[in-house]
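To keep things clear, I will list the structure first and then write my remarks on it.
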Amino acid sequence: MRRRFFVEQFVADRAFMEGEAAHHLGRVLRAQTGQLYELSDGERVWLARIESVGRDRVQFALVEELPAAHPGVDVTLLLAVVKFDAFEWALEKATELGVSTIVPLAAERSEKALLIAAAKRAERWKKILLEASQQSRRVRVPVLAELAKPESAFASGKDGLRIMLSERATAWPLRKVVQGQRAEKAILAIGPEGGWTDSEFATGKSGGFLEASLGRLILRTETAVVAALASLNYALDSE
């Protein structure tokens with residue numbers, strides 16, 4: 001299976017890769033003239049042949065346009081910041097599972113030291129999203145939004161299915177919440193270790209979010225990301 005990479009744009013029958021990505025392809029992967037790769041500009045995908053490899057620039061000739069498979073449901077993930085090893089693993093898996101946008105949340109129970117350090121991790125997180133998108137052969141890299149507080153994230157937009165995971169006994173099982181839904185957009189909110197506070201639940205409810213449970217077992221945040229997104233994809237994607 002050919003590897004996929006991202007480029008800024010297609011220009012006529014050519015494409016160019018520059019900077020760090022070109023250096024990685026040319027020096028680390030030792031790409032050579034004539035080799036074939038898949039390229040995406042975020043909208044279209046082309047099979048392309050390398051024409052030249054420079055120090056920080058690779059030129060491609062476009063050979064054939066390929067089918068571009070976009071997710072059937074536009075999913076935004078509101079993810080509370082947790083310890084960075086778990087958070088970054090969750091970013092990678094959320095990308096593989098097709099989310100379109102990821103919003104890191106400064107939840108009330110998120111560790112304050114992690115929130116202070118989060119801004120410095122943004123470039124690393126974007127790199128994780130890029131590499132996971134290439135590995136999973138996505139057409140588009142997810143958007144990484146700036147760190148936000150739950151009250152602002154919960155209030156943004158009102159369209160689509162809106163779900164916040166909950167450990168409360170009154171929460172309906174996720175399978176019942178999504179049963180019969182045919183939403184084109186969905187927003188999934190996942191809290192930190194220790195869960196949402198009462199005020200966050202109230203803010204979510206006022207923003208139209210439905211509480212949903214993944215069962216009786218208490219999952220770590222990164223485990224909940226995979227379980228919930230896989231369930232949403234199964235329930236909402238008609239393809």
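No value in this document is a laboratory result; all are computed from the given coordinates. None of these values were measured; they are calculated from a predicted model. Note: ideal-geometry Cβ built from the backbone for every residue, glycine included; neighbour counts use all protein chains shown.
Any idea which of V177, L217, A145 is furthest toward the positive side of the dipole for the chain, if Lys and Arg beta-carbons carry +1 and Asp and Glu beta-carbons -1? Comparing the listed Cα positions along the dipole, L217 ranks first. Taking the average, over residues, of other Cβ atoms within 10 Å as the packing measure, peptides 100-108, 214-222 rank 100-108, 214-222 from highest down. The length gained by stretching the chain between R55 and K205 to full extension, at 0.36 nm per residue less their Cα-Cα distance, is 48.6 nm. A dipole drawn for the chain from +1 and -1 charges on Cβ atoms has a positive end, and of L161, A107, V63 the residue lying farthest that way is A107.
If the chain linking R2 and H70 were pulled fully straight, counting 0.36 nm for each residue of separation and taking away their Cα-Cα distance, it would gain 22.6 nm.
Measuring between their Cα centroids, region 69-138 and region 4-22 lie 24 Å from each other. Kirkwood hydrodynamic radius of the chain, from the reciprocal of the average inverse Cα-Cα distance over all distinct pairs: 19.2 Å. In a reduced charge model with +1 at each Lys and Arg Cβ and -1 at each Asp and Glu Cβ, the chain shows a dipole moment near 340 debye about its Cα centre. The ranking of R3, R124 from fewest to most other beta carbons within 10 Å of each one's beta carbon is R124, R3. With a cut-off of 16 Å on the backbone N, the residues of region 196-232 near the modelled label site 7 Å out from R109 along Cα-Cβ are 196-204, 211-225.
With kT/(6 pi eta Rh) evaluated at 4 °C and eta = 1.567 mPa s, and Rh the Kirkwood radius from Cα pairs, region 96-200 diffuses with a coefficient of 83 µm²/s according to Stokes-Einstein. With the highest mean first, a sort of the peptides 140-146, 92-98 on other beta-carbon atoms found within 10 angstrom per residue produces 92-98, 140-146. Using the Cβ atoms and a cut-off under 13 Å, what net charge is assigned to the surroundings of S213, where Lys and Arg are +1 and Asp and Glu are -1? Summing Lys and Arg as +1 and Asp and Glu as -1 gives +2. What the Cα convex hull of region 4-66 gives, in volume per residue, is 68 Å³.
Given +1 at the Cβ of Lys and Arg, -1 at the Cβ of Asp and Glu and no other charges, the dipole of region 73-120 around its Cα centre is 200 debye to the nearest 20. Taking the helices alone, the chain has a mean residue ellipticity at 222 nm of -9000 deg cm²/dmol, built from -39,500 (n - 2.57) per DSSP H run of at least 4 residues and averaged over all its residues. When the pairs K112/K149; K93/K205; K83/K112; K149/K205; K83/K205 are compared against a 18 Å limit on Cα-Cα distance, K93/K205; K83/K205 fall above it. Between T101 and R44, residue separation times 0.36 nm minus the direct Cα-Cα distance comes to 18.6 nm. Counting neighbouring beta carbons within 10 Å and listing from fewest to most, the residues W196, W125 come out as W125, W196.
Distance between the 7 Å Cα→Cβ label points at T197 and K127: 3.4 nm.
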